[in-house]
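Asks: Before anything else, here's the structure in question.
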Amino acid sequence: MKLWLRKIHLTLALLSGLFLLIVSLSGAVLIYAKDLQHLIQPEKWLVTPAEKPLNFDTLINSVQTQTQQKTVFLMPEQNPTMAWQFRLANNHYASVNPYTSNVIYTYQSTDTIYGFTLALHRWLLFESSDGNKPFKNWMSVCALLLLINVLIGFYLWVKPKNRIKRLAIKPKAKLRVLLYQLHTVLGVYFFVPLILIAFTGMAFNWKTQTQSVLELVTQNKVTNRPAPPKITALKNTELQYNLAINNAQAIFPKGELYRVYLPKKADDAIALRIQNPGESHAYSWVWVNPYTAKVVNSFDANSTNFTTQAWNFKYAFHIGNFAGPVVQFLWLLITLSLSFFIVTGVYFWLKRRNRK
């Protein structure tokens, strides 16, 4: 039994090792990717603060005039030194000074360190002409293989006797022995976060399946936000972006504005995505009529059940963005440990082959 499990452990690692190595290294970069962008190219992402940003009407109209593209959504920043990002109808982005409305940089997502690394991490950069990302499923398969392999590795440690003694590391041991000890000890210490990181990684692509697992475990259902409401379009009426957005923000006055989705069609509402106090990410919403500036619906994610909040926590947990810089650094170590497991696993396999 133990011998077969070791063979399965090795086989799964060899099948997915190269891709998990990419996931590991790209995931490590993603933790600090935006910080790296700001450090390397501050002129594209940082601005000199003024008293307050321009109103939304001025900003949106100015950006659309400068780019000759309709704005799809915009991402305000809480940090006054950071430029705001606008998504344009041609799938490009614009980095905008919110105090002057000047477009300081237009780009595609993969032109940035963060966008390139994210695309590599989630779908190996490949995107077909029709927008499909066929490697997303394979990356989810690799995450599933990682989850299974971590469980097998943990079982191989916990099953024999003297398991606590086998958590010792002897720095003066031979290289092969030292690497094996580190492989075992780190695998045990990082067992739980690796399992959950792999599971939450699958959740980005296999939403239905992973949500069903969570609902089975918690014996409850995830509450989905309401469908975006439709409104009656008013002809020859200007859209009141600023008043509408301000009225929407008044619904959750203590919340932080994360994104503003502008209407794509005449009967679409403006949608605000807001992070309320206590939320791990922005999961609360407000919809507002852009013609009359009246709020038509809202959704407070804080009022949902435990299962929903656990489901919503997956993004913050996956990237280690839920308890400050110390946890972020720990997540960096855990992410890089995956590369260590793969490299040392291949090393042990090659050593065994050479002895035969």
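Asks: Tally up the residues in the range 180-194 that are of a type in the set (A, V, I, L, M) and open to solvent by less than 30 Å² (accessible area, probe 1.4 Å), please. It would help to see each step written out before you state the result.
Replies: Keep residues of the range 180-194 that are of a type in the set (A, V, I, L, M), which gives 182, 185-186, 188, 192, 194.
Adding the requirement that they be open to solvent by less than 30 Å² (accessible area, probe 1.4 Å) leaves 185, 188, 194.
Number of matching residues: 3.
Asks: State which residue pairs qualify: first residue under 14 Å from Val96 (Cβ atoms) and part of a helix (DSSP H, G or I) and inside the range 49-74, second residue among the charged types (D, E, K, R) and open to solvent by 50 Å² or more (accessible area, probe 1.4 Å) in any location, beta carbons under 7 Å apart, and separation of 6 or more residues or different chains.
Replies: That search, which allows pairs on different chains as well, returns Gln64/Lys70.
Asks: Which residue, of Phe135, Phe199, Phe204, is open to solvent by 30 Å² or more (accessible area, probe 1.4 Å), at pLDDT 95 or above and within 18 Å of Ser26 (Cα to Cα)?
Replies: Details: Phe135 fails: at pLDDT 95 or above; Phe204 fails: at pLDDT 95 or above.
Testing whether each residue is open to solvent by 30 Å² or more (accessible area, probe 1.4 Å), at pLDDT 95 or above and within 18 Å of Ser26 (Cα to Cα) leaves just Phe199.
Asks: Specify the residue that is nearest to the chain's Cα centre (by Cα); the eligible residues are those in the range 58-73 that are among the hydroxyl-bearing types (Ser, Thr, Tyr) and farther than 14 Å from Leu239 by Cβ. Break it down into steps so the answer makes sense when it comes.
Replies: To start, the set of residues in the range 58-73 that are among the hydroxyl-bearing types (Ser, Thr, Tyr) comprises 58, 62, 65, 67, 71.
Now narrow it down to the ones that are farther than 14 Å from Leu239 by Cβ: 62, 65, 67.
Working: Ser62: 30, Thr65: 32, Thr67: 28 Å.
Among those residues, the one meeting the criterion is Thr67.
Asks: Also, I was wondering about something else. What are the pairs with Cβ atoms under 8 angstrom where one residue, in the range 220-231, is in contact (Cβ under 8 Å) with a residue 12 or more places away in the chain and the other, located anywhere, is exposed (fewer than 14 other Cβ atoms within 10 Å of the Cβ) and not aromatic (Phe, Trp, Tyr)? Sequence gap at least six, or different chains.
Replies: Once the first residue is in contact (Cβ under 8 Å) with a residue 12 or more places away in the chain and sits in the range 220-231, its partners that are exposed (fewer than 14 other Cβ atoms within 10 Å of the Cβ) and not aromatic (Phe, Trp, Tyr) give Asn220/Asn305; Lys221/Asn305; Thr223/Asn305; Lys230/Asp267; Ile231/Asp267.
Asks: Is it the case that some residue within the range 313-331 is without any contact (Cβ under 8 Å) to a residue 40 or more places away in the chain and closer than 18 Å to Pro76 by Cβ?
Replies: no
Asks: Additional query: Considering each residue of the range 266-284, count those that are surrounded by fewer than 23 Cβ atoms within 10 Å (Cβ to Cβ) and not small (Gly, Ala, Ser), and give that number.
Replies: Here the count works out to 8.
Asks: Being outside any loop (DSSP other than H, G, I, E, B) and out of contact with any Phe, Trp or Tyr (no Cβ under 6 Å at 6 or more places or on another chain) is the requirement here; does Asn297 meet it?
Replies: Working: outside any loop (DSSP other than H, G, I, E, B): yes; out of contact with any Phe, Trp or Tyr (no Cβ under 6 Å at 6 or more places or on another chain): no.
Here the answer is no, as Asn297 does not meet what is asked.
The values are calculated or read from the model by the stated rules, or taken from the named source; none is laboratory data. Computed from a predicted model, the values in this text were never measured in an experiment. A quick note on method: Cβ atoms are made from the backbone with ideal geometry, for glycine too, and the neighbour counts reach across all protein chains shown. Heavy atoms of the whole protein, side chains included, go into the accessibility calculation; ligands, DNA and RNA do not. Shrake-Rupley method; radii C 1.70, N 1.55, O 1.52, S 1.80 Å.
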